[in-house]
Amino acid sequence: MSVNKSRNRACYRVFAYRARRCARENFSSSGRDAFPVSVSSSRFSRFASTFESSREAANSLFALLFPDLCRVCNQPLESFTAVPVCDACLRSIRPYEGLECGRCGLFLEGPAPLHGSALCGLCRRGAFVFDEARSFGRYEGVLQAVIQRFKYDGFRPLARPLAAALLAAMRRLQPKAWDGIVPVPLHRNRQRERGFNQAALLAARFSRLCGIPMEPEDCVRVRDTRPQTGLRATQRRNNVAGAFHVPVPQRVQRRRLLLVDDVLTTGATVNACAQALLEAGAEGVWVVTLARAHPARADVL
């Protein structure tokens with residue numbers, strides 16, 4: 001009897017998972033793209049209102065029949081959503097609003113590291129070749145959890161709300177007319193393992209929001225480097241030195257490019273990528289990331 005119960009629970013979990021996945025693939029986020037443009041505005045409004053009410057009821061029923069949990073706080077999701085994170089968690093993610101280095105965007109606890117200038121110690125010493133970098137928020141709390149669910153657990157629909165965070169980070173850069181968006185590339189071995197490049201997914205969504213074309217083939221990773229996690233600043237720089245290549249330099253020459261990644265720690269990866277783009281003839285490279293991780297004190301002072 002216990003074997004049958006276990007088997008039934010397993011079958012239900014499989015069925016519920018497949019049902020949620022099928023629904024996520026077939027329901028649009030707004031439900032309004034298919035409305036005919038010839039419908040009068042009043043009829044359209046009534047129809048849209050009826051459709052929205054029906055969709056909300058269907059979502060609630062679906063959530064009741066196939067309950068799912070927020071992947072951050074583990075609370076039940078009140079309605080069906082393609083993004084497996086509850087509204088409360090998403091709303092709790094706030095941008096950084098404190099003091100930051102005017103070039104690399106390093107988050108600062110106070111003005112002391114600037115020594116009267118707008119730049120941190122690394123930027124005063126010319127440590128970076130990119131023009132500017134900005135990150136949406138600190139790599140901690142809910143933002144960190146959402147990035148990890150997106151990057152390591154493969155919840156690709158999270159690219160949509162995270163791309164909006166990139167747009168907010170971009171607005172903290174000095175305004176420019178950028179020519180293209182370049183995601184930080186993964187080596188083909190790492191991408192084959194993970195199944196996708198998180199920076200490319202973010203860049204694709206980000207491109208739609210800001211209207212700047214995405215150029216995913218303009219920079220490639222030619223060396224399969226070890227993960228940067230756990231490495232100190234010098235080790236990180238050595239690890240990614242010469243790891244990037246621009247296969248067709250003519251595509252980037254005299255162009256101003258936005259480099260996109262998920263997390264910036266010491267800046268070694270984006271700096272190596274920017275170096276390859278600049279050596280190929282790019283006019284300038286700016287960096288936007290979702291989060292800024294705090295490296296060891298010795299790495300930044």
Report summary line: Among helices (runs of 4 or more DSSP H) entirely inside segment 141-203, those with 3 or more residues being modelled with pLDDT under 90 are 188-194
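Table: residues versus (1) in the same structural domain as Leu290 (by TED's automatic domain parsing); (2) within 19 Å of Cys273 (Cα to Cα); (3) surrounded by fewer than 17 Cβ atoms within 10 Å (Cβ to Cβ).
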| site | (1), (2), (3) |
| --- | --- |
| Phe155 | yes, no, no |
| Arg192 | yes, no, yes |
| Ala199 | yes, yes, no |
| Ala233 | yes, yes, no |
| Ala241 | yes, yes, yes |
Query raised in the report: Could you say which residue among Val252, Val248 is on the phi < 0 side of the Ramachandran plot, touching a Leu at 6+ places or on another chain (Cβ under 9 Å), β-branched (Val, Ile, Thr) and in the same structural domain as Arg149 (by TED's automatic domain parsing)?
Result: Val252
Query raised in the report: For segment 85-100, what are the residues that are under 18 Å from Tyr139 (Cα atoms), touching a residue at least 12 places away in the same chain (Cβ under 8 Å) and in a loop (DSSP other than H, G, I, E, B)?
Result: Val85, Ile93, Arg94, Pro95, Tyr96, Leu99
Query raised in the report: Which ones in segment 164-211 are in contact (Cβ under 8 Å) with a residue 60 or more places away in the chain and touching a Cys at 6+ places or on another chain (Cβ under 9 Å)?
Result: Leu166, Met170, Trp178, Ile181, Val182, Pro183, Val184, Pro185
Report task. Being assigned to a loop (DSSP other than H, G, I, E, B) and of a type in the set (Lys, Arg) is the filter here, so list the residues in segment 242-283 that pass it. Result -> Arg254, Arg255
Report summary line: Within segment 101-137, of all residues that are free of Cβ contacts under 8 Å to residues at least 40 places away in the same chain and buried (at least 17 other Cβ atoms within 10 Å of the Cβ), the one nearest to Val285 (Cα to Cα) is Arg103
Report summary line: Looking across segment 85-98 at residues that are over 19 Å from Leu167 (Cβ atoms) and surrounded by 14 or more Cβ atoms within 10 Å (Cβ to Cβ), the single one that is modelled with the lowest pLDDT is Cys86
**Report entry** Looking only at segment 55-84, and only at residues there that are at pLDDT 75 or above and farther than 20 Å from Leu143 by Cα, the one that is surrounded by the most Cβ atoms within 10 Å (Cβ to Cβ)
**Finding:** Asp68
Query raised in the report: Is there a residue being more than 27 Å from Arg160 (Cα to Cα), hydroxyl-bearing (Ser, Thr, Tyr) and either under 22 Å from the mean Cα position of the chain (by Cα) or in a loop (DSSP other than H, G, I, E, B) (or both) anywhere in segment 217-228?
Result: yes
Report summary line: Counting only residues in segment 245-263 that are touching a Gly at 6+ places or on another chain (Cβ under 9 Å) and either of a type outside the set (A, V, I, L, M) or at pLDDT below 95 (or both), the one surrounded by the most Cβ atoms within 10 Å (Cβ to Cβ) is identified as Arg255
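The values are calculated or read from the model by the stated rules, or taken from the named source; none is laboratory data. Since this is a predicted model, take the numbers as computed values, not measurements. FYI the Cβ positions are ideal-geometry reconstructions off the backbone, even for glycines, and counts take in every protein chain you see.
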